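Structure incoming, see below.
Read-outs: derived from the displayed coordinates by stated rules, not from any lab. Quick caveat, the model's predicted, so the values are computed rather than measured. When we count neighbours, we look across all protein chains shown, and the Cβ atoms used for this are built from the backbone with ideal geometry, even at glycine.
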Amino acid sequence: MIRRPDELAKMRRAGRVVAEMHEAVRAAAVPGVTTAKLDRVAAEVIERRGARSNFLHYRGFPAVICTSPNDMIVHGIPGSYTLRPGDILSVDCGAIVEGYHGDAAFTMGIGEVSPLAARLMEVTELSLSAGIEQLWPGKRLNEVGRAVQDVAERAGFSVVREYVGHAIGTAMHEEPQVPNYWPGKPGPLLKPGMVFAIEPMVNAGGPETVLLEDGWSVVTADGSLSAHFEHTIAVTDDGPEVLTLP
Ligand code: MG
Ligand code: MG
């Protein structure tokens, strides 16, 4: 799917709302605060900007952000979990502006975190940057996953296989998917106007995942820490343009 310049303008606006949600949640995420409170903080940004949430009611999801602490990889439901010093917390959220979607995630430390947790977050964000750098016209989509995997595994970490990135536009999840690993084939040729959400999920231990009984929360099978960073990025003639920036 190739997006016109006027469509990209709307996606840029949606992306800015997502970035503002991130900033608000980051500022509010301190020890003693519940993840339910962080959800309300993000919802206030959506409301203030006249945007809509693409997470709320998505396949029945009950909140506008996902909050996934420590060994939780993705899709955690905000609730009574209270942040503690030394936690890491992954926050994923999105917004819709005039029918166009943005989607982005980050992981942050709550107070001081272990050297391993800090390194995991740093490497995961670096792996996202390495993936984004592949989004040039003429390259192949699955170079993204190859670059992400290379950064993560060279640091001694592993990349989740069951959950992947995706194209994005008038829906949050569009085809094709974007694996965070080399899937054995190069994938589609990249063209200006294509837009993708690139979102490495990197585990400190093994890549295996377990879905909890709530039907949403995904944790590492071995209980190791996990981090998640995501941006929505357009392929342009001048290279990748990150749309989910302040
Ligand atoms: Mg997301
Ligand atoms: Mg996504």
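Please find, in a Gaussian network model of the chain (springs between Cα atoms separated by less than 10 Å), the residue of Y81, Y163, Y58 whose mean-square fluctuation is greatest.
Y58
OK, next. Run the numbers on the chain and let me know its relative contact order in percent, using alpha-carbon pairs under 8 Å that are six or more apart.
Working: 664 pairs, mean separation 57.3, N = 246.
Relative contact order here is 23 percent.
Here is a further query. Across 5 Å bins from 0, what is the distribution of all Cα-Cα pair distances for segment 5-242, in whole percents?
1, 7, 15, 19, 20, 18, 12, 6, 2, 0
For the chain, modelled as a Gaussian network with Cα springs under 10 Å, which listed residue fluctuates most, R40, R12, R154?
Fluctuation is largest for R154.
Normalising by the residue count of segment 103-170, find the relative contact order in percent from Cα pairs under 8 Å and 6+ residues apart.
Working: 40 pairs, mean separation 16.2, N = 68.
Result for segment 103-170 is 24 percent.
Here is a further query. So how many Å³ per residue does the convex hull of the Cα atoms of segment 142-213 work out to? Show your work: numbers first, answer last.
Numbers: hull volume 7.0 nm³, N = 72.
It comes to 97 Å³ per residue, whole-number rounded.
Place a point 7 Å from the Cα of D150 along the Cα-to-Cβ direction; which residues of segment 169-206 have their backbone N under 17 Å from it?
Those under the cut-off are 179-187, 200.
Placing +1 on the Cβ of each Lys and Arg and -1 on the Cβ of each Asp and Glu in segment 25-80, which of F61, V45, G76 has its Cα farthest towards the positive end of the resulting dipole?
Working it through, the farthest residue towards the positive pole turns out to be V45.
Let me ask you something else. Could you give the nm distance between label points at R140 and R48, where each point is 7 Å from its Cα heading toward the beta carbon?
Label-label distance for R140 and R48, simple model: 4.5 nm.
May I pose another question? Taking only C-alpha pairs under 8 Å that are 6+ residues apart, what is the relative contact order of segment 137-246 in percent?
Values: 235 pairs, mean separation 30.3, N = 110.
With pairs under 8 Å counted, the relative contact order is 28 percent.
Return the inverse of the average 1/r over all pairs of distinct C-alpha atoms in segment 115-246, which is the Kirkwood hydrodynamic radius, in Å to one decimal. The partial results should precede the final answer.
On the way: mean 1/r = 0.0671 Å⁻¹.
Roughly 14.9 Å, rounded to one decimal.
Something else: What 222 nm value per residue comes from the helices of the chain, counting each DSSP H run with n ≥ 4 as -39,500 (n - 2.57) and dividing by all residues, nearest 500 deg cm²/dmol?
Taken over the chain, the calculation gives -9500 deg cm²/dmol.
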